[in-house]
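S.K.: Before I ask anything, here is the structure I am working with.
Coordinate-derived values only; no laboratory data. Computed from a predicted structure; not experimentally measured. When we count neighbours, we look across all protein chains shown, and the Cβ atoms used for this are built from the backbone with ideal geometry, even at glycine.
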Amino acid sequence: DFMVVQDEFLTYTATYADVVLPASPSLEKDGTFTNTERRIQRLYQALDPKGDSKPDWKIFQLIANRLGFNWNYKHPSEIMDEIARVTPLYEGVSYDLLEGFNSLQ
């Protein structure tokens, strides 16, 4: 078995991992998340990432590029634009639309 963990902290599970990918916590990244109520919430970076941590999207992009995919996102808003193009639930959603709202549903 080979286990990879991507997390903000060295969790109990991460202590068993062969590789730990250090993810940035919410205050150290720009982005969005969708909660269980289907609310899309915007994250605003308040602090610089510490140590080797990276936002999740950058970690995924690095892995995808190593696997031969050509992902060239410069900002998470580009990922949101792509999601809105291919996922009916997100149709019309953009960073501009999320600006100034706590969340959208």
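S.K.: Most fluctuating residue of GLU82, GLU28, GLU37 in a GNM of the chain with Cα springs under 10 Å: which is it?
M.R.: GLU37
S.K.: Give me PHE101, PHE60 sorted ascending by neighbouring Cβ count inside 10 Å, so fewest comes first.
M.R.: With the fewest neighbours first, PHE101, PHE60 line up as PHE101, PHE60.
S.K.: What is the Rg over Rh value, at two decimals, for the chain, using alpha-carbon atoms and the Kirkwood definition of Rh?
M.R.: Expressed as Rg/Rh, it is 1.00.
S.K.: Shifting gears a bit: Run the helix sum for the chain: -39,500 (n - 2.57) per DSSP H stretch of 4+ residues, divided by residue count, reported at 222 nm to the nearest 500 deg cm²/dmol. All intermediate terms of the calculation are to be shown ahead of the outcome.
M.R.: On the way: 3 runs with 26 residues, N = 105.
Helices in the chain give a 222 nm mean residue ellipticity of -7000 deg cm²/dmol.
S.K.: Let me check I've understood the local charge: for ASP52, count other residues with C-beta under 15 angstrom from its C-beta, Lys and Arg +1, Asp and Glu -1. What total comes out?
M.R.: Net local charge, ASP52 excluded: -1.
S.K.: How tilted is helix 56-66 with respect to the longest principal axis of the chain? Cα atoms for both, answer in degrees (0 to 90, nearest 10).
M.R.: Its long axis makes an angle of about 70 degrees.
S.K.: Using R₀ = 25 Å, calculate the FRET efficiency as 1/(1 + (r/R₀)^6) where r is the Cβ-Cβ separation of TYR95 and ILE59; round to 0.05. Spell out each step's value before the answer.
M.R.: Working: r = 20 Å, r/R0 = 0.82.
For TYR95 and ILE59, the calculated efficiency is 0.75.
S.K.: Pulled fully out, how much extra length does the chain show between GLU8 and PHE33, if you take 0.36 nm times their separation in residues and subtract their Cα-Cα distance? Walk me through the numbers on the way to the answer.
M.R.: Working: separation 25, 0.36 × 25 = 9.00 nm, distance 1.56 nm.
Contour length minus the Cα-Cα distance gives 7.4 nm.
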